1. Check Y93, Y100 and return the single one that is aromatic (F, W, Y) and either closer than 10 Å to S144 by Cα or at pLDDT 95 or above (or both).
2. Restricting attention to the range 60-79, report how many residues are surrounded by 13 or more Cβ atoms within 10 Å (Cβ to Cβ) and more than 20 Å from the chain's Cα centre (by Cα).
3. Take A57 and tell me if it is touching a strand residue (DSSP E or B) at 6+ places or on another chain (Cβ under 9 Å) and at pLDDT below 90.
4. Return the residues of the range 154-166 that are within 14 Å of the chain's Cα centre (by Cα) and either buried (at least 19 other Cβ atoms within 10 Å of the Cβ) or within 20 Å of I108 (Cβ to Cβ) (or both); say none if nothing qualifies.
5. Please tell me if L107 is within 21 Å of L169 (Cβ to Cβ), at pLDDT 85 or above and out of contact with any strand residue (DSSP E or B) (no Cβ under 8 Å at 6 or more places or on another chain).
6. Just checking, does the range 54-69 include any residue being in a strand (DSSP E or B), within 21 Å of V178 (Cα to Cα) and of a type outside the set (S, T, N, Q)?
7. Please go through the range 16-52 and pick out each residue that is of a type outside the set (A, V, I, L, M), modelled with pLDDT under 85 and part of a loop (DSSP other than H, G, I, E, B).
8. Say whether the condition of being under 19 Å from the mean Cα position of the chain (by Cα) and within 19 Å of Y87 (Cα to Cα) is met by at least one residue in the range 171-185.
Amino acid sequence: MWLSKKIIVKNFSLQIKPGQIVGLIGPNGSGKSTLLKALLRMIPLKTGKILVDNKEAQNYAAKEYAQKIAYLPQYIMSENEILVADYVAMGRYPYRSLFYDHQKPALIKAVMQDLHCRDLADKRLSEISGGQRQRVSLARALVSEPEYLLADEPTLNLDPGGVVQIFDLLQKIRQKFVCGMLIVSHQIDFVKKLCDQIVLFKDGVVIDKGAPLSMTTSTRMQQLFAYDYKVETFSVK
């Protein structure tokens, strides 16, 4: 993968199955965000290809691709004055048509209920906390009924309680929506508990991938981040 004539990601190969959660961890500047942008078709590939259900990503119409893959960004603009209910409903945009009622209000209400944000429906995004905004953003992603969810640092800037909430919600999403997930995170203990597979990523290259326990030893983390790293224990009751 090239960006501004510089190779950012190379020799990357990964398969994500329905219901599987894959964690991607690596230092800042290793190409993780660039990889997500490529998967979202925000930047073109110089070489290689992305297959979604055995079809090349570039061969999908924009709305069809948005029905397949949803994105959970690091941030939602906190000063945004849009109502939470309207923001979540925007996730149905890929289904908008002159001849089809794309909104599915019952689905939107059910997803917001599942993600514990239905009581926020009449509030503005600027009025809710960071953890609440993250749940709202998840709801917006899920109302598009995706087959795959890409999440960029879903626990960024959350307190321990917020981290546990996101952990529980992602587990619920796996079970109820059966969508494959790629989780980019620096929170090693979080992905170790959550993911089925972890990919170690550095300087645009997959260093290794495998079972969470074998990929997150202190020795592995020291190799990946180039400093002494002690893996903490993440507890979920």
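The values are calculated or read from the model by the stated rules, or taken from the named source; none is laboratory data. Since we're looking at a predicted model, the values are computed, not measured. Quick reminder, even Gly has a Cβ in these numbers, built from the backbone with ideal geometry, and neighbours come from all protein chains shown.
1. Checking each option against the conditions leaves just Y93.
2. Count: 1.
3. Against the criterion (touching a strand residue (DSSP E or B) at 6+ places or on another chain (Cβ under 9 Å) and at pLDDT below 90), A57 qualifies.
4. Residues satisfying the conditions are P154, T155, I166.
5. On the way: within 21 Å of L169 (Cβ to Cβ): yes; at pLDDT 85 or above: yes; out of contact with any strand residue (DSSP E or B) (no Cβ under 8 Å at 6 or more places or on another chain): yes.
Judged against the criteria, L107 is a match.
6. Going through the range 54-69, the residues in a strand (DSSP E or B) turn out to be 55-56, 69.
In the following step, the residues that additionally are within 21 Å of V178 (Cα to Cα) were identified as 55, 69.
Still in the running and of a type outside the set (S, T, N, Q): 55, 69.
Looking for residues that are in a strand (DSSP E or B), within 21 Å of V178 (Cα to Cα) and of a type outside the set (S, T, N, Q), one finds at least one in the range 54-69, hence yes.
7. Within the range 16-52, G29, S30, G31, P44, K46, T47, G48, K49 meet the criteria.
8. The answer is no; no qualifying residue exists.
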